[in-house]
């Protein structure tokens, strides 16, 4: 029996890699292992579910059995790997040993959790996968007031979506503006104003230190002394690539699992892609780079070594109240920002000393200019 290609993770990275690989090789045994229920879904859709009034089942695109059939693969759900032995090309699931031809780590990123005092920490919900979403929907049913921890991309998307779903939303984050790592301050102000126009209340600067149960729900104590009443809390503080099992196996890790342009780790026959991977120094938690990686790695696994490259990759943020597209300045490049427009319609452009476009942030009606601007953007990974 030939050892299978083993993919750990059935998110967008794992399933899309499997699909791309099967287009090129229909015979090699393929095993997918996942800690969750193995349903196929698109993670970016999780922050659109309340506005569309969709239960978790409504966001699921296929059951694991259907995926196994489609991919001519075995899909093992609710299964956790306990160790990897790169020297012998095998991994452990508890006591069971599984040998692999090639091993691909596509197990994503986990939510950053912060310790909170009080008796209600079990009322804080991360929403990082379909099962998380289902748990939160159940907890939020019949409730009205949601406190969101974090005002980054995910926090702002969930704020917009929850308000569309009929909830009152407060956001708490220890920063001076929304999406501080992503947005020029003027563009950030436009998005914040849009969300405030829907009724979102921002508390930027403090953090939540304590969460207590009361007769009428929950009471969140902030570090600046403010006390907010709410019914349920969503944690959208950020994501951290999962690296522990890889590091324990001796694989090189940085922010993510370190891989080269062929997505190979520091060990032969082990690859990584998606949110857990640091590709040539870049850890990008978005769908477009993941798809580029899936196509390149499928070729490599099928015997045609292919390096991945990233062109320009603008990020569309799902805040319908104030549409937003942002193309961050690539690492190692510096330029000067100029801002045009006012109110909700902002065009912030970053150019180098020679006038070349390096990045942008477009809000409101200015997002219509993205196609024209994209032609002038530098690649993220040439």
Q) Calculated FRET efficiency, residue 247 and residue 201, Cβ-Cβ r, R0 35 Å, to nearest 0.05? A) 0.30
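Take each of the peptides 353-360, 179-186, average the number of other beta-carbon atoms within 10 Å over its residues, and list them starting from the highest.
Values: 353-360: 15.2, 179-186: 18.4.
Per-residue Cβ counts within 10 Å, averaged per peptide and sorted highest first, yield 179-186, 353-360.
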Q.
Nearest 10 degrees is fine. How inclined is helix 130-140 to the longest principal axis of the chain, computing both from alpha carbons?
A. 30 degrees
Q: Report the extension gain between residue 260 and residue 93 in nm, rounded to one decimal, defined as 0.36 nm multiplied by the number of residues separating them, less their alpha carbon distance.
A: 57.4 nm
Q) Relative to the longest principal Cα axis of the chain, at what angle does helix 185-198 sit, 0 to 90 degrees, rounded to 10? A) 70 degrees
(Q) How large is log10 of I(q)/I(0) for the stretch 1-106 at q = 0.11 Å⁻¹ when the intensity is taken from the Debye formula with one equal scatterer per alpha-carbon? (A) -0.37
Q. Packing-wise, with mean Cβ within 10 Å as the measure, how do 151-159, 306-314 rank, highest first?
A. 151-159, 306-314
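Going from the alpha-carbon gyration tensor of the stretch 113-235, what semi-axes, largest first and in whole Å, does one get by taking the root of 5 times each eigenvalue?
Taking √(5λ) for each eigenvalue gives 22, 17, 13 Å, largest first.
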**Q.** Ordering of 322-335, 76-89 by burial proxy (mean other Cβ atoms within 10 Å per residue, highest first)
**A.** 322-335, 76-89
**Q.** Scattering profile of the stretch 221-326 at q = 0.13, 0.20, 0.22, 0.23 Å⁻¹ [log10 I(q)/I(0), Debye over alpha-carbon scatterers]
**A.** -0.62, -1.02, -1.15, -1.21
**Q.** Per-residue Cβ neighbour rank within 10 angstrom, fewest leading, 380, 212, 17
**A.** 212, 380, 17
Q) Just for the stretch 113-235, what percent of DSSP beta bridges are antiparallel, to the closest 5? A) 35 percent
Q) What nm value, rounded to one decimal, do you get for the distance between residue 382 and residue 268 when each label is placed 7 Å out toward the C-beta? A) 3.3 nm
**Q.** Estimated FRET transfer efficiency when R0 is 56 angstrom, pair residue 27-residue 334 (beta carbons, to 0.05)
**A.** 0.65
Q. Using all Cα-Cα distances in the chain, what percent lands in each 20 angstrom bin from 0 up to the longest?
A. 27, 54, 19, 0
Q.
Using only Cα atoms and rounding to the nearest 10 degrees, what angle (0 to 90) does helix 12-24 make with the longest principal axis of the chain?
A. 40 degrees
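For 370, 43, what's the fewest-to-most ordering of other Cβ within 10 Å of each Cβ? Write down the numbers at each step before the final one.
On the way: 370 17, 43 20.
Starting with the residue having the fewest Cβ neighbours, the order is 370, 43.
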Q) If R0 is 56 Å, what FRET efficiency do you get for residue 70 and residue 216 from their C-beta distance, rounded to 0.05? A) 0.70
Q) What is the extension gain from residue 78 to residue 354, computed as 0.36 nm multiplied by their sequence separation minus the C-alpha to C-alpha distance, in nm to one decimal? A) 94.0 nm
**Q.** Simple label model, 7 Å out from Cα along Cβ direction - residue 282 to residue 117, nm
**A.** 4.4 nm
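Values quoted throughout were computed directly from the atomic coordinates according to the rules given, and no laboratory measurement underlies them. In this text, all values refer to a predicted model and were calculated from it rather than measured experimentally. Counting neighbours? That spans all protein chains shown, and the Cβs are built from the backbone with ideal geometry, glycine included.
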